[in-house]
């Protein structure tokens with residue numbers, strides 16, 4: 001039975017990949033343009049906004065700040081999220097810096113055995129959020145030309161994220177990670193030594209470049225996928241459904257399309273945008289999966305958490321408006 005299932009999966013993925021290759025050839029002209037647009041989007045928007053945050057998060061992780069936060073916020077993290085205070089640095093960086101820095105921080109904590117695998121899975125459900133710069137600046141000011149709306153979307157985004165975290169405090173509640181031995185930030189209790197700063201900075205820059213290049217690959221890939229779907233005639237007659245479909249595949253494209261509906265159906269446009277900001281899209285999901293798979297962290301809580309995040313975000317946005 002298992003052998004049959006494995007063969008079916010292999011056949012399915014082989015078919016998908018072959019179809020993708022054929023579409024690359026058939027729609028080569030538009031795919032080339034889509035790839036170019038994806039690279040421009042990455043170089044002009046993604047890289048400048050994420051690269052400094054990647055470096056900052058790598059450096060912060062090497063200081064005694066995670067240790068201080070772990071001790072100070074344990075009384076909040078434990079009762080609300082059923083996670084030790086050591087996970088608070090992932091929550092804070094996930095809110096301030098945006099995805100996928102939250103996921104990267106969670107992997108570092110799990111790798112260093114500072115949090116357990118179960119805690120990492122609870123954290124991944126709500127600590128990888130859309131960047132506040134994107135929500136407030138790109139969406140609120142640039143796309144909707146409404147600063148107040150940007151704040152409403154951001155508040156909805158963060159509140160719904162925390163609610164998801166509270167819900168996932170019950171994730172594998174009765175399970176015990178027998179491979180985990182609680183470990184504090186003992187080796188980080190003192191600030192960075194000046195003699196080692198050069199090495200740490202070099203490593204932070206190298207890791208940040210690798211992460212940004214990986215994200216760039218996903219941006220280009222999903223730009224091409226959307227181009228193929230459009231050329232294949234996959235298009236809904238109802239604009240809202242079309243927006244949701246492409247937004248679920250890739251958030252940035254979906255938010256752009258959703259904002260264009262604001263003149264005709266403003267409330268629907270805003271609610272859809274709020275959902276997409278919460279869900280994040282399949283592009284971000286695969287980015288996160290490529291990061292957490294190395295530490296054997298399940299993608300399921302992330303997927304369930306982002307669906308719930310999107311639903312709660314649009315409900316809160318609807319209420320606030």
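Each value in this text was obtained by applying a stated rule to the coordinates, not by laboratory testing. The model shown is predicted, which means the values in this text are computed figures rather than measured ones. Here Cβ is always computed from backbone atoms with ideal geometry, including for glycine, and neighbour counts include all displayed protein chains.
Output the relative contact order of the chain, whole-number percent, from Cα pairs under 8 angstrom with separation of 6+ residues.
Reported relative contact order: 23 percent.
Between residue 311 and residue 209, the C-beta separation translates, for a Förster distance of 35 Å, into a calculated FRET efficiency of about 0.45.
Taking other C-beta atoms within 10 Å as the exposure proxy, 311, 118, 26 rank 26, 311, 118 from fewest upward. Projecting label points 7 angstrom from Cα along Cα→Cβ for residue 166 and residue 113 puts them 3.5 nm apart. Model label points for residue 200 and residue 299, set 7 angstrom from Cα along the Cα-to-Cβ axis, are 3.4 nm apart. Computed on segment 1-101, with alpha-carbon pairs under 8 angstrom and 6+ residues apart, the relative contact order is 17 percent.
Rounded to the nearest 10 degrees, the angle from helix 266-279 to the longest Cα principal axis of the chain is 50 degrees.
Counting every pair of alpha carbons in segment 227-269, the share spaced more than 16 Å apart comes to 32 percent. Its Cα gyration tensor gives segment 1-152 an equivalent ellipsoid, and the semi-axes of that ellipsoid, as √(5λ) in whole Å with the largest first, are 35, 27, 15. On the principal axes of its alpha carbon atoms, segment 204-321 extends 46, 36, 26 Å, with the longest extent given first. Entry note, the chain: the mean residue ellipticity at 222 nm calculated from DSSP H runs of n ≥ 4, each adding -39500 (n - 2.57), is -23000 deg cm²/dmol after division by the residues and rounding to the nearest 500.
Using only the C-alpha atoms, the convex hull of segment 83-166 corresponds to 69 Å³ per residue.
In this simple spin-label approximation, residue 229 and residue 147 carry label points 7 Å from Cα along the Cα→Cβ vector, and these lie 3.5 nm apart.
Each of 265, 273 has some number of other Cβ atoms within 10 Å of its Cβ, and from fewest to most they run 265, 273.
Over the chain, the hull volume per residue, using the convex hull of the C-alpha atoms, is 163 Å³. Using the Cβ-Cβ distance between residue 80 and residue 245 with R0 set to 45 Å, the FRET efficiency works out to roughly 0.80.
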